[in-house]
Structure formats: structure tokens, C-alpha cells
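Below: the structure, in C-alpha cells.
The values are calculated or read from the model by the stated rules, or taken from the named source; none is laboratory data. Source: prediction; values computed, not measured. Note that we place each Cβ from the backbone using ideal geometry, even for glycine, and neighbour counts take in every protein chain shown. Heavy atoms of the whole protein, side chains included, go into the accessibility calculation; ligands, DNA and RNA do not. Shrake-Rupley method; radii C 1.70, N 1.55, O 1.52, S 1.80 Å.
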Amino acid sequence: MTQISVVTLAKGRAEHLVNVVRGLSRQTLPPAELIVAVMQDALYDLPDAPFPIRQMRIVAQTLPLAAARNAAAQAAQGDTLVFLDIDCIPAPELLADYARFAEAFDGLLMGEVMYLPGGATAGDWSYEAFASVAQRHSDRRGPPPQGLEVCADYRCFWSLNFAMRRATFLATGGFDERYVGYGGEDTDFGKTLNQAGIPIAWIKGGLAYHQYHPHHMPPVHHIDSVVRNAELFERKWGYRTMGHWLHAFRLMGLVDDTAGRPIRILRRPAEADLALTGQQSHQPYANTAQVIRFLEANATQAPGTVAA
């Protein structure tokens, strides 16, 4: 029988992580273990669970997402790895779905993600309540009607909910640990799989519910690492990634990303930029495409200003 190690990266958001543990405790196929790659000084106080939980402290001055995933995968004991972001509560069949598909498909599997509004996880939450309020992300396509569908474009890979055979993941070399901070490391990994001929596929199932937390899209609060990682990707592959974010930054007057020369940060994000890109509590997610549409419609304004 497939043994699944679940990997979660953690910094802050203790309540989110507790909900992940609660979701994993309700699985129809229990995990062999949960490995928490802790990217902060203090370990977490977690509830008892019917499976082992190992917390690994990952020491770094910047957000080491790539290195943390690799370290946890190296330490894992299961033959299949399921990577869940700290804000993703697994539906009861998530691990069973991944186990079923991983037996026949040697590649990267991407499960479904539905987004919850603020307050949805308060108290003694239920999956039935989640299903009644959750929404699919408008910037991301849905799962196939049934079974599995190979994605022809490696850029479809989002790292918040995916699975691979451990041996296959390790054979790729894992995530490029030169990517630090937020942005680009998952697209780079998708490109690496594409170059190696390892398929990426959507599945019907593997559902996770994304917990609400305030964030920004495009991620203006991570502008430095987005710019740095876009340039790293360009040096490695010959072209830039995160083009939609850079396009939005350019429209906001934050960067000059003229092709053929280094990206320049022109100014720091102001309160108006944060207000424009920030998620509101009634929204299940922030939306880059919506911000770009707004910016393009108001492109005649002076750089650095945002209409009320």
C-alpha cells in the first residue's frame, strides 16, 4: 500500500497549521507522517494526531521555500510526497485520491483548490459548511471532469497542493535553492520537470480548502524577491517569469522591466498600492487579473497614483 508523507512549510499562522492537522486526522487514508518545515525560531504547539508529526527547523535569513521543501522531502519516509501549503485544509479523500493516481502516473499531480472567505474556519468547522461558501479561483482553471489530464504548459503548476513519487522528486534535484523569498521557485520547478520529460497533470479530486488570510495580488509586499527571482529565472532559462506580476508593477509605476536590461525598482509600494492589491475579508482571494484590468483602464493617470 502507498505510504504518504505530507509536507507543509510553516512560518507564523499557527491556527492555519492546527487546521491542517485536523484535516489530516480526518483522512480516509491516513498519512504515514506529517513533516513540518519550520521557517521560524519557535516550533509549533500542535494537537495530538493519529500519525507522527515531525517538525524540522529550517534556518535562513530569508524565506527559504525551495530549501525547506527539499529538506522535508529528503527526510520523508513515505514513497509518495504530498505537499500542502500551511493554509490548505485537506478534504477527507485528498490523500486517497493522490495515492490512487500516483500508483499509475509517475509525474506531478495537482489537486483541486477551493478558496474560503474570512470566518469560514471559526469554531468547530465542517466540510459541508466549507462546500457551501468556497469559491474557485478565477485565475486558475478547474479540474478535469474526471480522472487525470496532462497539462501541456509547465506554467500551470502552482505549489500549494501537489503530489509526486518521492523517488521521482529526488531524481529531479528538487527545487532550485537559489530562489529565496517569495515567487518563481515553483515555475522554475515546473520548467525543470518539462525539460526532464516528467509530466504535470490535473486530477479530479485531491481537494484542499484554502484558508483566508490577508494578502496582496500582485504581491507588492514581496516586490524585492519577485524582481530578484525573475532575473534569476532569466539567467537560467533565457527569459523572465512572473510576467503578469511584473506587468502590474510596471502599470503601477513600481518597476522598469524593459527587456534586455536589469529590472529596476523605481519606488517602494505606497498605501494606495497596498489598498489596491489587498484582499478584503469578504473576498476568498485577491486577484491579479482584476487589478491589471483596473490599472489598464486607468493607464492615463500619473505613475504612483491609484484612483479611489
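Taking the range 176-187 as the range and being in contact (Cβ under 8 Å) with a residue 60 or more places away in the chain, out of contact with any Leu (no Cβ under 7 Å at 6 or more places or on another chain) and among the charged types (D, E, K, R) as the test, the residues that pass are Asp176, Glu177. Does Gly173 fit the bill of being without any contact (Cβ under 8 Å) to a residue 40 or more places away in the chain, among the small types (Gly, Ala, Ser) and either open to solvent by 40 Å² or more (accessible area, probe 1.4 Å) or assigned to a loop (DSSP other than H, G, I, E, B) (or both)? So Gly173 passes the test. None of Ala129, Ala134, Ala96, Ala120 is open to solvent by less than 70 Å² (accessible area, probe 1.4 Å), more than 17 Å from the chain's Cα centre (by Cα), free of Cβ contacts under 8 Å to residues at least 24 places away in the same chain and under 25 Å from Leu46 (Cβ atoms) except Ala129.
Of everything in the range 26-46 that is small (Gly, Ala, Ser) and farther than 13 Å from Val82 by Cα, the residue that is most open to solvent (accessible area, probe 1.4 Å) is Ala42. Scanning the range 233-253 finds one or more residues that are among the aliphatic types (A, V, I, L, M), open to solvent by less than 20 Å² (accessible area, probe 1.4 Å), within 17 Å of the chain's Cα centre (by Cα) and over 30 Å from Leu24 (Cα atoms).
Among the conditions (1) of a type outside the set (A, V, I, L, M); (2) more than 27 Å from Ser132 (Cβ to Cβ); (3) crowded, with 20+ Cβ neighbours inside 10 Å, the only one that Thr8 does not satisfy is (2). When Ala289 is tested against (1) over 30 Å from Arg13 (Cα atoms); (2) open to solvent by less than 60 Å² (accessible area, probe 1.4 Å); (3) out of contact with any Lys or Arg (no Cβ under 8 Å at 6 or more places or on another chain), exactly one condition is not met: (1).
Among the conditions (1) in contact with a strand residue (DSSP E or B) (Cβ under 9 Å, 6 or more places away or on another chain); (2) touching a residue at least 24 places away in the same chain (Cβ under 8 Å); (3) of a type outside the set (Lys, Arg); (4) in a loop (DSSP other than H, G, I, E, B), the only one that Thr258 does not satisfy is (2).
Given the conditions (1) among the β-branched types (Val, Ile, Thr); (2) in contact with an Asp or Glu (Cβ under 7 Å, 6 or more places away or on another chain); (3) surrounded by fewer than 16 Cβ atoms within 10 Å (Cβ to Cβ), report the number of the one that Val59 does not fulfil. For Val59, the failing item is (2).
When you check Thr2 against the structure, is it more than 22 Å from Val180 (Cβ to Cβ), over 21 Å from the mean Cα position of the chain (by Cα), of a type in the set (Val, Ile, Thr) and surrounded by 15 or more Cβ atoms within 10 Å (Cβ to Cβ), yes or no? Yes, satisfied.
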